[in-house]
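Scroll down for the structure; my scribbles are underneath it.
The values are calculated or read from the model by the stated rules, or taken from the named source; none is laboratory data. This structure is a prediction, so every number in the text was calculated from the model and none was measured. All Cβ positions, even for glycine, are placed from backbone atoms using ideal geometry, and neighbour counts span all protein chains on display.
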Amino acid sequence: MKIISVLDKGYVRLVDVMGSDLSVVNAARVSYAKESKELSERDIKLIKFLAREDHTSPFRHAFLQFEVYAPLMVARQWWKYVVGSDHTMDSWNESSRRYITEEPAFYVPRADEWRSAPENSKQGSGQPINHDDGYQFMLWLEDYINQGEELYKRALDYGICAEQARLFLPAYGMYVRWYWSTSLQGVCHFLSQRLEHDAQKEIQEYAKAVLELAKEQFPISLENLLK
């Protein structure tokens, strides 16, 4: 399946998919004991009606499975769409440093990617800071990561268990890998919020990748659910 690179080291990969726009149509038509064999203009009108009138249950009969590699700060925002999913069936399985000691990777914004605090809000970000200051913050972050990695390796070499040695790793920028399986409606709920202009920029980039992958599989449903 297709993979899309995100940020400096991250990616989103579509692992598996169940269903199509036709699956949505037939889930709706079963109420009348009818079934479409091919997607017609009449079926497209039905999808538009379902999305417009918020009849969402037919969109929960199609599923997508993604593999995501992203900084922890992105993963923990994303996780809210699983723990708060009362209208979709979601599953999330994440790699654990209790069991693995693979080489850690970290997200480090480039010099031109550091953003100022917003003027009129307690969250989010404002305009980019100047390049020279951004370069300095990039160097400080790299030094901090290097120190953490050195202490982590020192603890492992000593024989400290992996689940405690990981305490030395800087957390929020560390990349983690997970599988996210969710219904088509669950995907659209995530996209409707994380494609917004006020969402954190890093998770916006991941949402754009999810949209591109999902739209290839469900073009009619995605277009109408996200209106």
- prompt: What is the one condition in (1) modelled with pLDDT of 90 or more; (2) within 16 Å of GLY173 (Cβ to Cβ) that ASP133 does not satisfy?
  reply: (2)
Check on LYS80, exposed (fewer than 12 other Cβ atoms within 10 Å of the Cβ) and under 22 Å from SER192 (Cα atoms): yes
message: Looking for something polar (S, T, N, Q), in the same structural domain as TRP79 (by TED's automatic domain parsing) and surrounded by fewer than 16 Cβ atoms within 10 Å (Cβ to Cβ) - is there at least one such residue anywhere in region 146-167?
response: no
message: Is it the case, given these coordinates, that LEU226 is among the aliphatic types (A, V, I, L, M), under 19 Å from TRP79 (Cβ atoms) and either surrounded by 14 or more Cβ atoms within 10 Å (Cβ to Cβ) or not assigned by TED's automatic domain parsing to the domain that holds ASP43 (or both)?
response: no
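Conditions tested, residue by residue: (1) at negative phi; (2) crowded, with 16+ Cβ neighbours inside 10 Å; (3) of a type in the set (Asp, Glu); (4) within 14 Å of the chain's Cα centre (by Cα).
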position: GLY124; (1), (2), (3), (4): no, no, no, no
position: TRP180; (1), (2), (3), (4): yes, yes, no, yes
position: LEU191; (1), (2), (3), (4): yes, yes, no, yes
position: GLU202; (1), (2), (3), (4): yes, yes, yes, yes
position: LEU213; (1), (2), (3), (4): yes, yes, no, yes
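Inspect region 116-139 for any residue being assigned by TED's automatic domain parsing to the domain that holds PHE49, more than 30 Å from GLU41 (Cα to Cα) and among the β-branched types (Val, Ile, Thr) and give the result as yes or no.
No: zero hits.
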message: Take the conditions of a type in the set (Asp, Glu), modelled with pLDDT under 95 and under 30 Å from the mean Cα position of the chain (by Cα) and apply them to GLU38. Does it pass?
response: no
statement: Just one listed residue, out of GLY159, GLY148, GLY126, GLY186, is touching a strand residue (DSSP E or B) at 6+ places or on another chain (Cβ under 8 Å) and either small (Gly, Ala, Ser) or under 30 Å from VAL17 (Cα atoms) (or both), and it is GLY126
task: Select from region 15-50 the residues that are loosely packed, with under 12 Cβ neighbours inside 10 Å and small (Gly, Ala, Ser) and write down the one among them that is nearest to GLU212 (Cα to Cα).
output: SER31
- request: Can you confirm whether region 138-160 contains a residue that is under 24 Å from GLY126 (Cα atoms) and either free of Cβ contacts under 8 Å to residues at least 24 places away in the same chain or assigned to a loop (DSSP other than H, G, I, E, B) (or both)?
  value: yes
query: Considering region 18-73 alone, what residues qualify as being over 17 Å from PRO219 (Cα atoms), outside any helix (DSSP H, G or I) and among the aromatic types (Phe, Trp, Tyr)?
result: PHE66, TYR69
task: Can you work out which of the residues in region 174-219 that are of a type in the set (Asp, Glu) and assigned to a loop (DSSP other than H, G, I, E, B) is farthest from PRO109 (Cα to Cα)?
output: GLU196
task: Can you give me the number of residues within region 143-200 that are at pLDDT 90 or above, farther than 26 Å from VAL12 by Cα and not hydrophobic (A, V, I, L, M, F, W, C)?
output: 13
